[in-house]
Amino acid sequence: MFGLNRNDTLLLIVVALLTMLAPFLLNPFPEGSSLAQFNGGYPDLMQRFVIFGIFAIGFNILFGLTGYLSFGHAAFLGVGSYAAIWMMKLLTMNVVPAIIISVIVAGLFSLVVGYICLRRSGIYFSILTLAFAQMSYALAYSVLTPITGGETGLQPKLSDPRILDAAIGSGVTPRANFFGIEMGTSWQWDWNGWVFTFNAGYYLAAVIMLVAFYLSIRIFRSPFGMMLRAIKTNQNRLNYTGVNSKPYTLAAFVISGMYAGLAGGLLVAMDTQVGPERMFWTASGEVVLMTILGGVGTLIGPVLGAGLIKYMENILSKINEGLLQKWFAFMPETAGDAVVTVLGLFTGKGWHLTLGLLFMIVVIFLPGGLVEGGKRLFGIGRRKKKAPPAASPPPTTTPAE
Amino acid sequence: MDAILLQILNGLDKGSAYALIALGLTLIFGTLGVVNFAHGALFMIGAFCAVVLSRLLSFSKTVIDETRTDFLGNPLKVDLPYMHQWFGEAAGQTIIDWSVPLAILFSIPIMFAIGYAMERGLIRHFYKRPHADQILVTFGLAIVLQEIVKYFFGANPIQTPAPPAFTGSFDFGALVGLDPNTIIYPYWRLIYFSFAVVIISAVFAFLRFTTFGMVVRAGMADRETVGLLGIDIDKRFTLMFALAACVAGLAGVMYAPINAPNYHMGMDFLVLSFVVVVVGGMGSMAGAVLAGFLLGILESIASMSQVIDYLPGINQIVIYLVAIIILLTRPRGLMGRKGVMED
């Protein structure tokens, strides 16, 4: 289907089902129960899942296929966001032009940055991209304040021109919409104590993510994707065979920059404001974490990684000391206090510690990320069925002297 | 002229910090071939060594002072630091005031132990892995170290003053024969610069003039041959890692009075130090030191008001701009050698 082989079609369908049914799947606990705070099915978080999923998918096209580790990808996200918000200020609050322009502007910006940075490889490339991103951040913060709003950032205001909206004639407070459907519109379904929220913005972002995901599958399976993998495996050999690898890496860089711009545009469409901190290098580091955590070079990995990190950021950080004390009230006081103190290190404001540890464990033991972990888990069961364990000598114990 | 001289002096302290961190990074890269993203965290831990020591020294117990009373007539409770009790009031207070210089001695064994444990426990397993994996695992380690410090010391900067003898400023202009009152420079910054020069010279001398240093240099040039000669090069490289950790830690200790330590200071410096290393030339220690001072001074000159009027915002981006220009025109950095990190 759609020019994909059977496995990829299956993967696409599974992802489509997961995203479409996310409001159910992410809300497994009834409202009001003590576990309800583990529910991730509220619009804001679901939107972040898919938007950062797009960001990570795009990053994976560059890092996963070509092996070029960019430490400045947040710059493209930020540029896309600024482009989108200017479209909303000048033209219309409809999100379609905003999203389109964000992709185009981020693409152009990444063309310029990529053209310069790709002259070097390895750690030099990482430092160059980092330098560009930090420069964009610093400029957005200071000199470019007329365009970027500086520290306060940008929001749509009632006084903005909005040429197309004004032609229709309106005097209402500006809200982002998709041909009249406001992004914030939610429809709730109460069912036996479970509350499921269906949000217009989420579904728009989810559909766009599915398209982005489909495109990334096509890129992975195309001759172009094969070429990118060849660059990762051995660029010298490719050069010796007479292939100029630069256009391929540049194309991959621009595509992944456009994905980042798309994510930035969608972020603005869901929540109409931008600030320069979106381009800070920690934001670039975050997308690296997402991709590695999920699995570099795999199709679904980056989406899983993005989901996991955003879930942890929103859910784990909500668990504070009072809550922990409530949970462990059944234990004797001293033991309970000890458990609360230890867990308090990892939850609430300390969730970054959990993230850092998890990340280290993945890099050390599971270089393929969550996807490899899943494969290994399934592999254990399968291998046992296939072949009986090879006749290995039983472990000998050294005799005691 | 005065203004430029002042800015050069102002750039020296930041430049010293860049140079010290970059020196450690290059040392680790040159010996072990590992790109250490946790080096900024070591700098930060060094600064917190100063905080810990100053807290330890001012530990006090509450005693009842019979001679003084509060407004109700009850005897007043006062905190008496143990240092005062043990060494007398004047000597005790001096020890407390001098906690930052004392922290140099305090931090060396700590940083050495941390560096040794880091290399043996984690980095050792990453020699054969690609550079990207090394960057990522040390990046994760940096997050973990940073969060642990944040948990124990909070997110706010902690003021750690220099000894009172060095808190003031002096008239540098009058010293070198310029008009008085044009170049006022704080003592501590001059001390930091001298300290950095001493440390850097010590590291270079150690590598140049000792047998140990000679073996390490030989190992940097050709690890395998040195191993074949029957020298345990791994052990020496581990010690070099610990030494690099010490250099970063000492840079942090002495930086505490200039910039109150907070948990993310390491990351702030790390990003810039990496730029410094790359500008200086990956693998060249002299290049790292040179680029550190140069970029520090350049950053400070770019923040002069005359320059900003001319090129607004240049102070924010000058380091990155210079890095981009240098990497594109001199791909190996200022003093880079051939064949380092070029795969």
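The values are calculated or read from the model by the stated rules, or taken from the named source; none is laboratory data. Quick caveat: nothing in here was measured; it's all calculated off a predicted structure. Every residue, glycine among them, receives a Cβ derived from its backbone with ideal geometry; neighbour counts consider all protein chains shown.
Among the residues of region A:118-134, which ones are of a type in the set (Gly, Ala, Ser) and not in a helix (DSSP H, G or I)?
The one that is of a type in the set (Gly, Ala, Ser) and not in a helix (DSSP H, G or I): A:Ser121.
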Exercise for the section: Counting only residues that are of a type in the set (Phe, Trp, Tyr), in contact with a helix residue (DSSP H, G or I) (Cβ under 6 Å, 6 or more places away or on another chain) and farther than 20 Å from A:Pro43 by Cα, give me the helices (runs of 4 or more DSSP H) lying completely in region A:201-293 with at least 1 of them. Expected result: A:246-270
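Out of B:Gly88, B:Gly92, which single residue is buried (at least 17 other Cβ atoms within 10 Å of the Cβ) and over 24 Å from B:Ile28 (Cα atoms)? So that I can check it myself, show each step before the final result.
Working: B:Gly88 fails: buried (at least 17 other Cβ atoms within 10 Å of the Cβ).
Criteria check complete, one pass: B:Gly92.
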Problem - Qualifying residue in region A:253-269 (condition: farther than 25 Å from A:Ala16 by Cβ and within 14 Å of chain B (Cβ to nearest Cβ)) - result: no
Practice task
Among residues belonging to region B:165-194 that are modelled with pLDDT under 75 and assigned to a helix (DSSP H, G or I), point out the one that is surrounded by the fewest Cβ atoms within 10 Å (Cβ to Cβ).
Solution key: B:Leu175
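Check B:Val247, B:Val226 and return the single one that is more than 27 Å from B:Leu141 (Cβ to Cβ), in contact with a Gly (Cβ under 7 Å, 6 or more places away or on another chain), buried (at least 16 other Cβ atoms within 10 Å of the Cβ) and not aromatic (Phe, Trp, Tyr).
Result of the check over B:Val247, B:Val226: B:Val226.
Based on this model, can you work out whether A:Leu304 counts as in a helix (DSSP H, G or I), hydrophobic (A, V, I, L, M, F, W, C), buried (at least 24 other Cβ atoms within 10 Å of the Cβ) and within 15 Å of the chain's Cα centre (by Cα)? Give the derivation first.
Values: in a helix (DSSP H, G or I): yes; hydrophobic (A, V, I, L, M, F, W, C): yes; buried (at least 24 other Cβ atoms within 10 Å of the Cβ): no; within 15 Å of the chain's Cα centre (by Cα): yes.
When the stated conditions are applied, A:Leu304 does not pass them.
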Problem - Number of the condition not met by B:Val176 [criteria: (1) within 12 Å of chain A (Cβ to nearest Cβ); (2) over 22 Å from B:Pro257 (Cβ atoms); (3) among the aliphatic types (A, V, I, L, M)] - result: (1)
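Given B:Asn10, B:Asn36, which one is within 29 Å of B:Gly296 (Cα to Cα), touching a strand residue (DSSP E or B) at 6+ places or on another chain (Cβ under 9 Å) and of a type outside the set (A, V, I, L, M)?
On the way: B:Asn36 fails: touching a strand residue (DSSP E or B) at 6+ places or on another chain (Cβ under 9 Å).
Of the residues listed, the single one that is within 29 Å of B:Gly296 (Cα to Cα), touching a strand residue (DSSP E or B) at 6+ places or on another chain (Cβ under 9 Å) and of a type outside the set (A, V, I, L, M) is B:Asn10.
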Exercise for the section: Could you grab the pairs with beta carbons closer than 7 Å, sequence gap of 6+ or different chains, first residue in region A:59-72 and within 14 Å of A:Gly225 (Cβ to Cβ), second one of a type in the set (Lys, Arg)? Expected result: A:Leu65/A:Arg229; A:Leu65/A:Lys232; A:Thr66/A:Lys232; A:Gly67/A:Lys232
Exercise for the section: Could you tell me whether B:Phe37 is of a type in the set (Phe, Trp, Tyr), within 30 Å of B:Ala221 (Cα to Cα) and not in a helix (DSSP H, G or I)? Expected result: yes
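So which of B:Ile64, B:Ile21, B:Ile45 is more than 14 Å from chain A (Cβ to nearest Cβ) and modelled with pLDDT under 85?
Numbers: B:Ile21 fails: modelled with pLDDT under 85; B:Ile45 fails: modelled with pLDDT under 85.
Criteria check complete, one pass: B:Ile64.
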Practice task
Please indicate, with yes or no, whether at least one residue in region A:327-350 is charged (D, E, K, R) and either closer than 22 Å to A:Phe71 by Cβ or not in a helix (DSSP H, G or I) (or both).
Solution key: no
Problem - Single unsatisfied condition, A:Lys318 versus (1) closer than 25 Å to A:Ser33 by Cβ; (2) surrounded by 17 or more Cβ atoms within 10 Å (Cβ to Cβ) - result: (2)
Exercise for the section: Could you list, in sequence order, all residues of region A:99-122 that are over 23 Å from the mean Cα position of the chain (by Cα) and either of a type in the set (A, V, I, L, M) or more than 9 Å from every other protein chain (Cβ to nearest Cβ) (or both)? Expected result: A:Val112, A:Tyr115, A:Ile116, A:Leu118
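Quick one: which residue in B:Ala132, B:Ala155, B:Ala142 is assigned to a loop (DSSP other than H, G, I, E, B) and either within 14 Å of another protein chain (Cβ to nearest Cβ) or not hydrophobic (A, V, I, L, M, F, W, C) (or both)?
Answer to the selection: B:Ala155.
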Handout entry: Pairs, first without any contact (Cβ under 8 Å) to a residue 40 or more places away in the chain in region A:212-225, second part of a helix (DSSP H, G or I) and surrounded by 15 or more Cβ atoms within 10 Å (Cβ to Cβ), C-beta under 9 Å, six or more apart
Key = A:Leu215/A:Ile57; A:Leu215/A:Ile255; A:Leu215/A:Tyr259; A:Phe224/A:Tyr248; A:Phe224/A:Ala251; A:Phe224/A:Ala252
Handout entry: Number of positions in region A:1-40 that are more than 22 Å from A:Leu308 (Cα to Cα) and β-branched (Val, Ile, Thr)
Key = 1
Handout entry: Criterion: touching a Gly at 6+ places or on another chain (Cβ under 6 Å), free of Cβ contacts under 8 Å to residues at least 60 places away in the same chain and in a helix (DSSP H, G or I) - qualifying residue of B:Val279, B:Val322
Key = B:Val279
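Let's see how each residue does on (1) assigned to a helix (DSSP H, G or I); (2) touching a Pro at 6+ places or on another chain (Cβ under 9 Å); (3) within 14 Å of chain A (Cβ to nearest Cβ):
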residue	(1), (2), (3)
B:Gly227	yes, no, no
B:Lys235	yes, no, no
B:Ala288	yes, no, yes
B:Pro312	no, no, yes
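Identify, from the list A:Gly72, A:Gly78, the residue that is surrounded by 22 or more Cβ atoms within 10 Å (Cβ to Cβ), in a loop (DSSP other than H, G, I, E, B) and in contact with a helix residue (DSSP H, G or I) (Cβ under 7 Å, 6 or more places away or on another chain). Before you say what the answer is, go through the steps one by one.
Values: A:Gly78 fails: in a loop (DSSP other than H, G, I, E, B).
Step by step, each of A:Gly72, A:Gly78 is checked, and only A:Gly72 is surrounded by 22 or more Cβ atoms within 10 Å (Cβ to Cβ), in a loop (DSSP other than H, G, I, E, B) and in contact with a helix residue (DSSP H, G or I) (Cβ under 7 Å, 6 or more places away or on another chain).
Could you tell me which residue of region A:140-165 is nearest to the other protein chains (Cβ to nearest Cβ), considering only residues that are in contact (Cβ under 8 Å) with a residue 60 or more places away in the chain and either among the hydroxyl-bearing types (Ser, Thr, Tyr) or part of a helix (DSSP H, G or I) (or both)? Full working, then the answer.
Pass one, region A:140-165, residues in contact (Cβ under 8 Å) with a residue 60 or more places away in the chain: A:140-141, A:147-157, A:160-165.
Then drop every residue that is not either among the hydroxyl-bearing types (Ser, Thr, Tyr) or part of a helix (DSSP H, G or I) (or both), which leaves A:140-141, A:147-148, A:152, A:163-165.
Working: A:Ala140: 10, A:Tyr141: 7, A:Ile147: 12, A:Thr148: 12, A:Thr152: 17, A:Ile163: 31, A:Leu164: 34, A:Asp165: 34 Å.
The extreme case among them is A:Tyr141.
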Practice task
Take A:Tyr137 and decide whether it is assigned to a helix (DSSP H, G or I), within 14 Å of chain B (Cβ to nearest Cβ) and buried (at least 24 other Cβ atoms within 10 Å of the Cβ).
Solution key: yes
